[in-house]
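The structure appears below as structure tokens.
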Amino acid sequence: MKKVVLIGATGTIGKAVNQRLRDKGYDVIATSRKSTPSINIENKESIANFFAGRKDLDAIICAAGDASFGAFSNLTDEQINIGLNSKLMGQVNICRKALDALKPNGAMILTGGIFAHNPWPETTNIAMVNAALEGFVKALALELTEGRRVLVVHPPFVKETAEAMGMDGSNCPPAMAVARAYVRGLEGQETGKAIYVDA
Ligand SMILES: NC(=O)c1ccc[n+]([C@@H]2O[C@H](COP(=O)([O-])OP(=O)(O)OC[C@H]3O[C@@H](n4cnc5c(N)ncnc54)[C@H](OP(=O)(O)O)[C@@H]3O)[C@@H](O)[C@H]2O)c1
């Protein structure tokens, strides 16, 4: 059975990815800050501790990482740093610490978001980080060995999140459609690419 670490497994997207992976017969190690063992992607030591001694992973999927909404002219240093330290460097540090744990032909799948390419107003912090992640996976793919792969999924705004925010989610895909895209990436052969989900 293929073993997958899923970070952010209790989130809107993570829950759907977890379900899809289990339905397809993967052995999922579902994790987040509140799981046992836990992982906090904003803390390098926590990431290193989580992956220490592991050599047996077929995939690592991250569906966690924060970035800040807000008008550019009002963004504080602290808000800007949330995107940089959590969503961007959190996922970069996962790749740094997880490489030794990833078996040959294994895959790392990160999460960006469609604002990398189709931003809304007040999404500079999110768009910047999502686009950076795309550049990062393109370049990292050139250095991976023995068939290891890295991808970033750019989810659109999903129905569940729109509805939780009191918005009309009828034109948004459900989290399960996004989950299918993660699993397609995992089971395909592509590397260094961004994966989009039809909205
Ligand atoms: N939902 C959308 O419409 C959408 C669209 C595009 C992109 N995205 C991106 O997709 C990712 C997941 O979004 P979501 O809406 O599913 O988020 P969510 O519902 O808020 O869930 C976040 C998940 O990540 C975990 N988590 C949060 N901070 C963490 C940390 N520092 N270290 C480890 N785990 C952490 C949470 O669990 P704990 O609290 O236990 O840690 C939870 O499992 C985010 O990067 C988001 O920007 C989402």
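General remarks:
- Residue in the stretch 134-156 that is farther than 24 Å from ASP27 by Cα, at pLDDT 95 or above, in a loop (DSSP other than H, G, I, E, B) and near the ligand (Cβ under 10 Å from one of its atoms) present: yes
- Cβ pairs under 6 Å, 6+ apart, first in the stretch 84-103 and open to solvent by 10 Å² or more (accessible area, probe 1.4 Å) and in a helix (DSSP H, G or I), second within 10 Å of the ligand (Cβ to nearest atom) and among the aliphatic types (A, V, I, L, M): LYS87/ALA67; LYS87/VAL129; LEU88/VAL129; ASN93/ILE47; LYS97/ILE47
- Answer residue from the stretch 1-16, given it is touching a strand residue (DSSP E or B) at 6+ places or on another chain (Cβ under 7 Å) and open to solvent by 50 Å² or more (accessible area, probe 1.4 Å) and is farthest from ARG33 (Cα to Cα) among those: MET1
- Residue ID - farthest from the ligand (Cβ to nearest atom), chosen from residues in the stretch 157-199 that are of a type in the set (S, T, N, Q) and surrounded by fewer than 16 Cβ atoms within 10 Å (Cβ to Cβ): GLN189
- Enumeration of residues in the stretch 53-83 that are without any contact (Cβ under 8 Å) to a residue 24 or more places away in the chain and not hydroxyl-bearing (Ser, Thr, Tyr): GLY53, ASP66, ASN74, ASP77, GLU78, ASN81
- Matching residues in the stretch 108-118 - criterion: being assigned to a loop (DSSP other than H, G, I, E, B) and either surrounded by 24 or more Cβ atoms within 10 Å (Cβ to Cβ) or touching a Leu at 6+ places or on another chain (Cβ under 7 Å) (or both): GLY112, GLY113
- Lone unmet requirement of (1) assigned to a loop (DSSP other than H, G, I, E, B); (2) within 22 Å of THR12 (Cα to Cα) for PRO121: (2)
- Selection status of GLY53, farther than 24 Å from ALA164 by Cβ, in a loop (DSSP other than H, G, I, E, B), modelled with pLDDT of 95 or more and not basic (Lys, Arg): yes
- Within the stretch 25-59, the set of residues being in contact with a strand residue (DSSP E or B) (Cβ under 6 Å, 6 or more places away or on another chain) and near the ligand (Cβ under 9 Å from one of its atoms) comprises ALA30, THR31, ILE39.
The values are calculated or read from the model by the stated rules, or taken from the named source; none is laboratory data. A quick note: this is a predicted structure, and the numbers were derived from the prediction, not measured. FYI the Cβ positions are ideal-geometry reconstructions off the backbone, even for glycines, and counts take in every protein chain you see. For the accessible areas, the whole protein counts, side chains as well, though only heavy atoms, and no ligand, DNA or RNA atoms are used. Shrake-Rupley method; radii C 1.70, N 1.55, O 1.52, S 1.80 Å.
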